[in-house]
Every structure is written in structure tokens, then in C-alpha cells.
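Encoded as C-alpha cells, the structure appears first; notes follow it.
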């Protein structure tokens, strides 16, 4: 049989869709409401009193566009991490799937694709919410779900690779504190990174979330030639984490 | 060509050798019971057969496919019922089946689901979530799930472990139905009665190897004889009876609070006390004699 058979991948994804029917309401509720709360707190609170314009944008526009990255990481890395661990360890779902004609590569790819698609859509919600707060629609915005999808794929791979590496679920605290929170804070969502010390600015260039933030802002206010490099960087990030997730999950699932 | 051919298979986990030079042939169309105590290597053997574990040594062929290279092809033609329930509890009964019909590349998913529901006798519960099902229903669903693609070979790993006797009987009739349809079955179990009721042939496994193999009646005749005498008495009396029987060359094994004198038909006068209960020799006698473990 060939590698990466579409039928196997679609089968695994159909399981996710079947499960999604039981929890889509709560996920959608928080995905819509969370950017609203952030925009009210930061955009209106901070924007109307302390901060005037950032990089030539109203603070609401600045935060609203940056929030796409926040939505992406929280709807990809975390569900991938916890979901994969629970399915591997507690529910033994992966054991069930691997007893069918599906291999680990197909399983991991399907899980990443599902999270990527979901996150591509949920990740775009902050943009829609921002429009209610005064962000003007622009044709470039149509590319935002695609950028969100690519980045989310990478973070899904990160989450699955992490799930395949920890011994106990509470070790995820280290990962959220040491990796996810810093990535999310120095992405340029709430403040521009050029206010940071130089070392952090360089480091931020390697933060996929920062690249996503820049791409989304450019999608809303005008692309630049270097954006192709940014997309290329995100694709590399995603491919590397995809292979790493497959490698680590194979080690975990096959004795 | 046999359904399963294992030759010299070894599987180690660090210091522990779970499967230790296993040779096993399962001809097509039979139900083979892999009988062994906990820790004998039965579950590891099952995982080797699906390619979920990779052997350190030896050769494995399943339905003509060389493992682990062609494990996916082999899995496409076999069904697996795991020891532990891994159904999707928040998902409906029919969707649990539909997902696996797709994973098994079944063309007509709807028809396969209907067939599975009928087999599991869950047609009226199709839209309920698995969480709402009883333990017995979940087990039947688990079995039906492994049959979505009407496989030629079924692997049942301790299919009734931890189930109520009544549910166990229900499941046995389902397995029996498959057997009558000519499906090859490899079933691991540590329940003697299960092997005796369902298996055409039994392979006794311990410490990662098969130590005896045959039809249940053959194994009994060969290893236990015709009759066993069980003696229930205070420990001091049991020790006396044991000494007399062993002096005659008979095998005596513990049987819970009692002792069982195996092959009691060969005993001469006085070896079997009058209070002994004589019964036909059983697979349990064989199991305990060969594995040295008390049966469940």
C-alpha cells in the first residue's frame, strides 16, 4: 500500500468530525467571545486611555489583527497536545486506529490537518470581530485563513510531538510556561516588538507567531515583497514539526 | 497457506523477553485459543500480528503478508477486537462503526454500519452515544467494529476479560457465529472455559512460548488422562492424601482450597480417599499442570 493514502487520512479525520459534533458549541462560543473580550479590554481600555497609535494603526486595529496569532496558537498547540495525549494514553484511540490499515504517518498527518483546518477558521474570527470594532475589510484578508492554517499545522505538529514525548500529562505545564506563553507574548500582538531589546527582536524573527502577526497585518494593510519569505519560513516550520511529530509518535505507539 | 505463520519470533522490552522464540501456525478456518496466564506474552503476540509491535527476531506472515513491511496490507484483511474498550464514548453508536468502515475502506459505509448494528443487536440504539450503553452492549459494538470489512481473520485479545458471566455468554455466541461462517479466529484468553467452549484448537502459552498445542480433548487425554479426583479436607488430611497419591506416581495439583489428583483412573486401591469427588479430566487440569499457575 502507498504511503499517505488519502482514504486513510480522510477516515481518521472523519473520526474527528464525528467527535466535533459533541463539542463544537463550547469551542465556537469561546473562539468568538475571547477576541471580543480582549478587544474590549486592550483595544478600548488601553487604546482609548494610554496608547494612541501603534505603527500608524489604531490600537484596536493593531490588537485585532494580532489576535489572529493568539487564536491560532491556542486553538492548535494546546488541543493537539492534550488531545493527542488523551487519545494515546487514556482513550487508547490511537491503538484502535492503528489496528486498522492506517499507519502512524497517516494518523499524525490527519490529526494535524484537522487541527489546521479548524484553527484556520477559528483563527480568522478575531479579524471578523475586529471589523465590528472598525477594521476596514480588504481583499488581502481572504488569505488570512490560509496563513492561519499553515501556522496552525506547525503548532499542531508541535503539540503532537510534545504529547509523544512527555511521560505524564501535568508535564505540559512546563511546555505552556516555557514555550507557548513566551511565543504568544513576544509575537507583536499587544505591543510592537521593536520596543524590545535587540536580542529579543532577533529572537522574535524566529517566532512563527510573530511572522503570522506580520503577515496578517500586511494582509489587512498592504503586502510587502518579504512576505513571501515569511510564508516560506512558516512552511519550513510546519514541515519540520510534521516530521518530528511523526517520528516521536511512531516511537511512542509502535513497540 | 495458513492464515498466520510465526517462526522463532522474539520480542524483548528492555530486560524482559515477552515473546521468546514463538512458533505458531494458524490454519485457515479454525478458531485457535491462545491460552496462557497473565504475562505469558499473549497480548504482545497480538500486537506483533498487527504490526503495532516489531519483533526483534523471527519471521511473521499474516494472510500471506510479510510483517512488519506489509503490516498495513495484513491489517486491511483482518479485524481486531482489543482487550480494552477504546470506543469513542461521546460519539453515536453508528458513527463509531462508520468511522471504522471508512478506515477499512469499505465502499458502502451505510450498509456496513447497518450490518454491524444488526450483529451487535444495537439497531434501536444507533443514535445513542456510546456512553449510554451498558458494558455488554459496548463489547458487542467493539466486536462489530472489527468486522466492518468482513475480514477473513479476526484477532480477539481477551475478548471477555472483566465481563459478567452473562455478558460473556452473549459474546461467546457472537464468536461462535463467526466461527460458523468460516472466519479464522485467533483468540487469546486466560479463561479456561472460554478456550474450551470456543476453540477448535488450543495452544498453551507461557513465558513467551507455546508449550502444548492440540484439540482440547487431545490435550486432556495426553496431559491429564481421563479422570481427576478432587479432595476437600483440612490441610493436614490433604497433605496425607497427597503423599499417598504421589507415592503411586500420580500428579497432584492445588485447586484453590482443595487438591486435585490428576489421572486418578490409574490410581490403585487406597490412593483416592472415599470422600474424593471424581470428575472428568479438564483443560483446567492441563493448564495448571503445564503452566504451574492456578486457573481463573
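For the segment A:99-109, counting C-beta atoms of other chains within 10 Å of every residue's C-beta and taking the mean gives 6. Counting Cβ atoms of other protein chains within 10 Å of each residue's Cβ and taking the mean over peptide B:71-79 gives 4. Look at the alpha carbon pairs under 8 Å that are at least 6 residues apart: their mean separation over the length of the range A:173-220 gives a relative contact order of 36 percent. Mind grabbing the base-10 log of I(q)/I(0) for the range B:225-280 at q = 0.19 Å⁻¹? Debye formula, identical points on the C-alpha positions, no solvent, two decimal places. The calculated log intensity ratios at q = 0.19 Å⁻¹ are -0.52.
Once you treat every alpha carbon in the range A:1-160 as an equal point and sum by Debye, what is log10 I(q)/I(0) at q = 0.16 Å⁻¹? Computed log10 I(q)/I(0) values: -0.89. Over chain B, with a Gaussian network built from C-alpha contacts below 10 Å, which listed residue (B:61, B:168, B:237) shows the highest mean-square fluctuation? Maximum among the listed residues: B:237. In chain B, Cα pairs under 8 Å separated by at least six residues give a relative contact order of 21 percent. Can you pull the Rg over Rh of the protein assembly as shown, Cα-only, Kirkwood? That ratio equals 1.13.
Using the alpha-carbon positions of chain B, Rg (one decimal) and Dmax (whole number) come out as 21.6, 69 Å.
Averaged over all directions, how much area does the convex hull of the C-alpha atoms of the range B:84-151 cover when projected, in nm²? It is 4.0 nm². Of the beta bridges in the protein assembly as shown, as assigned by DSSP with both residues counted there, near 65 percent are antiparallel.
When chain A is treated as a Gaussian network with alpha carbon springs shorter than 10 Å, the biggest mean-square fluctuation among A:156, A:71, A:41 belongs to A:41. If you run the Gaussian network model on chain A, springs between alpha carbon atoms under 10 Å, then out of A:11, A:232, A:199 the most flexible one is A:199. Spacing of the modelled spin labels on residue B:128 and residue A:82, each 7 Å from Cα toward Cβ, amounts to 2.9 nm. Sorting the segments B:169-178, A:186-195 by their mean number of nearby beta carbons within 10 angstrom, highest to lowest, gives A:186-195, B:169-178.
For the range A:91-202, rounded, prolate or oblate, judged on the Cα gyration tensor with a ≥ b ≥ c (square roots of eigenvalues), a/c < 1.5 rounded, else prolate if a/b > b/c?
Cα axes put the range A:91-202 in the oblate bin.
From helices alone, the protein assembly as shown scores -15000 deg cm²/dmol at 222 nm; the rule is -39500 (n - 2.57) for each run of n ≥ 4 DSSP H residues, then divide by the residue total. Counting neighbouring beta carbons within 10 Å and listing from fewest to most, the residues B:92, A:119, A:26 come out as A:26, B:92, A:119. Dividing the Cα radius of gyration of the range B:10-56 by 2.2 N^0.38 Å, with N the residue count, gives 1.19.
Throughout, read-outs are computed from the coordinates displayed, never taken from laboratory work. This is a predicted model, so every value here is computed, not measured. Cβ sites come from the backbone with ideal geometry, for glycine too, and all protein chains shown count toward neighbours.
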